[in-house]
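Asks: Questions regarding the structure given below will be posed in turn.
No value in this document is a laboratory result; all are computed from the given coordinates. A quick note: this is a predicted structure, and the numbers were derived from the prediction, not measured. Here the Cβ is made from the backbone with ideal geometry for all residues, glycine too, and neighbour counts use every protein chain on show.
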Amino acid sequence: MTYHIFQSLFVFGITTGVAISAVVQFLYYTFSGPSPDEVAFLPSPAIEAQQDVPKSNSRAAIQRLEDQFYVSTVQLQDMVKLFVHDMQRGLKRENALIKMLPSYVTKRPTGNERGTYLALDLGGTNFRVCEVTFATGQVRTKQRKFTVSDELKTGPGHLLFDFFADCVALFLDENGIPRDTNMKLGFTFSFPCHQEALNRGRLIRWTKGFTASGVVGEDVVKLLQDAFHRKGLSINVTALVNDTVGTLISHAYIDPLTQAGIILGTGSNAAYVERISEIKKWDGPKSASNEMVINMEWGNWGSDKIALPLTAYDLKVDRASPNPGQQLYEKMISGMYLGEITRYIMLDLISTGELFRGQRSVELEKPYNFDTANMSRIERDHTTDMSDTNMLLKTVYNIDSTLKDRRNLKQICQLVSTRAARLAAVGISAIVTKTNRLNGATVGIDGSVYEHYQHFGNHVKDALRELLGMVAQNVTLAQGEFLRCDG
Ligand code: GLC
């Protein structure tokens with residue numbers, strides 16, 4: 001609603017004059033209502049500049065965006081310092097910005113594990129059921145992927161868990177496994193949980209667009225076990241792990257020196273191996289091991305709006321999300337949101353006539369209707385006339401574009417994705433710095449953005465070099481799916 005007011009002020013020709021610009025800004029801030037500290041991060045000079053830009057001057061628009069989206073090495077370095085500081089706070093107290101959740105995983109695999117297990121993986125829209133067999137020298141998996149509908153994500157929680165149990169029953173039947181198998185099952189549940197044991201964890205809050213009721217505050221292992229019971233399945237849920245913990249463990253199965261697991265996909269987060277003596281808030285049972293994997297829940301970093309270079313577009317994405325004020329780092333770096341940031345930029349430049357000669361598109365005005373995969377596709381379009389982008393814009397969004405529009409759009413995508421990659425490097429650099437692994441660390445990285453977004457990985461590595469200098473070559477970013485069941 002407020003966004004449309006902002007848009008229409010431009011559409012109706014308020015283009016010049018410092019006084020009018022001040023009124024527009026006043027209206028914008030009044031209606032969209034950022035707090036005074038947010039205002040400090042709004043690119044007010046750029047918004048002011050918009051008033052003076054002739055409608056067709058798309059070069060000025062791109063320049064304006066560059067000014068807002070470029071993050072310098074010095075800014076990155078400052079962010080790493082704050083990040084390390086916030087990690088330390090999270091290790092000391094509950095409810096810190098970065099939650100730093102103990103995972104109860106105190107050992108990394110040795111590669112000698114044996115046996116057959118079931119595994120469930122709920123990451124976002126995909127839910128996977130797998131059977132994993134560890135045999136001498138090899139790992140065999142059977143799996144099936146299901147789609148979690150928006151109704152299930154946002155409806156009553158018991159229906160979501162019934163759906164999981166139905167998928168498992170189908171998988172067992174299809175693979176000739178009896179329903180009373182009594183097999184052990186590991187549940188990769190990619191949301192923040194306060195763990196009370198390896199097989200007990202209460203959901204702290206939903207992220208990534210989930211809002212299913214009756215789950216926050218509950219032990220999700222119990223909810224799953226109850227659903228199995230309702231469906232007559234005899235299966236023992238013996239472990240609950242975050243996907244980052246799963247990533248760390250699966251990479252460590254191949255390389256025991258793996259120190260961290262990172263997900264850059266629909267959401268973003270990291271887990272790493274910490275010394276128990278450093279986890280000041282830990283009051284759980286003593287363990288023979290002196291280390292524990294910490295699920296950082298780094299996506300919430302920066303939600304105090306102090307550390308991150310938030311633009312007006314980021315704030316719009318945040319405000320319109322189901323979890324405003326939360327997961328701000330995630331909202332700047334992960335796949336669920338990059339397309340949404342870009343969509344807001346496109347709508348803005350359309351409203352000022354700086355893109356597509358002001359042509360509006362009903363499809364583009366629908367929230368979350370510009371996928372991050374589109375950005376990657378546009379960046380990969382190396383044809384002289386950018387014909388693939390032309391087709392995408394025409395067929396999906398009914399937009400007629402000029403070559404200049406398409407080139408500008410490509411630059412916009414590059415700005416948003418490069419900033420994301422550089423900001424992701426801040427978190428990685430902070431982990432390596434905090435754990436004092438500057439002489440050598442392997443970090444396992446998975447997730448659709450890192451795997452499929454061309455050049456994303458290179459931008460992460462470039463930023464790591466800027467941050468760590470020569471030491472960056474001691475940090476190995478290991479990519480690859482090993483035991484996660486999403487082939
Ligand atoms: C979100 C979740 C987190 C998960 C990440 C990646 O940030 O809160 O638990 O690890 O997405 O899937």
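Asks: Once both axes come from the Cα atoms, what is the angle between helix 335-351 and the longest principal axis of the chain, in degrees from 0 to 90, rounded to 10?
Replies: Between the helix axis and the principal axis of the chain, the angle is about 10 degrees.
Asks: Right, next: Mind sorting Glu174, Glu340, Glu278, Glu379 by how few other Cβ atoms lie within 10 Å of their own Cβ, fewest first?
Replies: Working: Glu174 11, Glu340 23, Glu278 17, Glu379 20.
Placing the least packed residue first, the sequence is Glu174, Glu278, Glu379, Glu340.
Asks: At Asp385 and His158, where each label point lies 7 Å from the Cα along Cα→Cβ, what is the point-to-point distance in nanometres?
Replies: Calculated label separation equals 6.0 nm.
Asks: Between His452 and Gln75, what FRET efficiency comes out of the Förster formula 1/(1 + (r/R0)^6) with R0 = 35 Å and r the beta carbon distance, rounded to 0.05?
Replies: The value I calculate is 0.80.
Asks: How long are the semi-axes of the equivalent ellipsoid of the chain, defined as square roots of 5 times the Cα gyration tensor eigenvalues? Whole Å, largest first.
Replies: The three semi-axes for the chain are 41, 25, 22 Å.
Asks: Moving on to the next point. Taking the Cα centre of region 183-297 as the origin and placing charges on Cβ (Lys, Arg +1; Asp, Glu -1), which of Pro192, Leu264, Thr238 is farthest toward the positive end of the dipole?
Replies: Looking along the dipole axis, the top candidate is Thr238.
Asks: What is the order of Asp446, Asp462, Asp348, fewest Cβ neighbours within 10 Å to most? Write out the running numbers ahead of the final one.
Replies: Working: Asp446 25, Asp462 16, Asp348 22.
With the fewest neighbours first, Asp446, Asp462, Asp348 line up as Asp462, Asp348, Asp446.
Asks: If amide H atoms are built 1.01 Å from N in the plane of the peptide, which residues on other chains or at least 5 residues away come under 5 Å of the amide H of Val216?
Replies: Result for Val216 returns nothing.
Asks: Arrange the following residues from fewest to most other Cβ atoms within 10 Å of their Cβ: Thr247, Thr258.
Replies: Numbers: Thr247 30, Thr258 24.
Ascending number of Cβ neighbours within 10 Å: Thr258, Thr247.
Asks: Another question, if that's okay. Compute the long axis of helix 73-92 from its Cα atoms, compare it with the longest principal axis of the Cα atoms of the chain, and write down the angle in degrees, 0 to 90, nearest 10.
Replies: With rounding to tens, the tilt is 40 degrees.
Asks: Please give the length that would be gained between Lys222 and Ile306 if that part of the chain were fully extended, namely 0.36 nm times their separation in residues minus their C-alpha to C-alpha distance (nm, one decimal). Display every interim value, and only then the final one.
Replies: Values: separation 84, 0.36 × 84 = 30.24 nm, distance 3.77 nm.
Gain in length upon complete extension: 26.5 nm.
Asks: Which whole-angstrom value gives the distance between the alpha carbon centres of region 241-288 and region 141-164?
Replies: Between the Cα centres of region 241-288 and region 141-164 lies a distance of 26 Å.
Asks: Another question, then. Give me the distance in nm between label points sitting 7 Å out from Cα along the Cα-to-Cβ direction at Leu170 and Thr116, one decimal.
Replies: Placing both labels 7 Å along Cα→Cβ, they lie 2.2 nm apart.
Asks: Counting Lys and Arg as +1 and Asp and Glu as -1, what is the net charge of the other residues whose Cβ lies under 10 Å from the Cβ of Phe146?
Replies: Values: positive: Arg128, Arg144, Lys145; negative: Asp166.
Summing Lys/Arg as +1 and Asp/Glu as -1 gives +2.
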